[in-house]
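Worksheet: one structure, shown below.
Here, each number is a calculation from the coordinates, and none is a lab measurement. Please read these numbers as outputs of a predicted model, since none were measured by experiment. Cβ sites come from the backbone with ideal geometry, for glycine too, and all protein chains shown count toward neighbours.
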Amino acid sequence: MAQVDELMNAVKANDVDGVSNILAEDASLVNTRVDGLTALLTAAYYGAKDVIPVLLRHEADVNFFEAAAIGQVEALIGLLCQRKAARWIHTSA
């Protein structure tokens, strides 16, 4: 749990080196949630723009909310298209 707290504190502080070092030790922490928030959403909330690319390089999951929060328009469009396709497949079956 201490590593998760260290990661979130580094994210909030926009500490690129700190986030990189923590994820180099344990990349699985990138998608850990604290109070329902991922590191990616935490970075968006705190305006920690410099750590976002680091999180993405470590394969942070990007769902609709993360994509919207970090301005990933292409990802948003893709997610919306997937949802529309899934709805069309479900209703036409």
At most 15 other Cβ within 10 Å, DSSP loop - trypsin sites (Lys or Arg not before Pro), the range 5-61:
Arg33, Lys49
If you average the sequence gap of Cα pairs under 8 Å that are 6 or more apart and divide by the length of the range 2-92, what percent do you get for the contact order?
24
Under a point spin-label approximation (7 Å from Cα along Cα-to-Cβ), what is the Ser28-Gln82 distance to one decimal in nm?
2.3
I want to check the label-to-label distance for Leu56 and Ala2. Put each point 7 Å from Cα in the C-beta direction and report it in nm to one decimal.
3.3
Gyration tensor (alpha-carbon) shape descriptor, the chain, a/c threshold 1.5:
prolate
How large is the dipole of the range 2-92 about the Cα centre if only Lys and Arg carry +1 and Asp and Glu carry -1, each at its Cβ, rounded to the nearest 20 debye?
640
For the range 56-70, Karplus couplings with θ = phi - 60° (6.51, -1.76, 1.60), whole Hz, Gly/Pro x:
5, 5, 8, 6, 4, 5, 10, 9, 4, 5, 5, 4, 5, 5, 9
Projected onto the charge dipole of the range 2-92 (+1 at Lys/Arg Cβ, -1 at Asp/Glu Cβ, origin at the Cα centre), which of Ile77, Tyr45, Val16 gives the Cα projection farthest towards the positive end?
Ile77
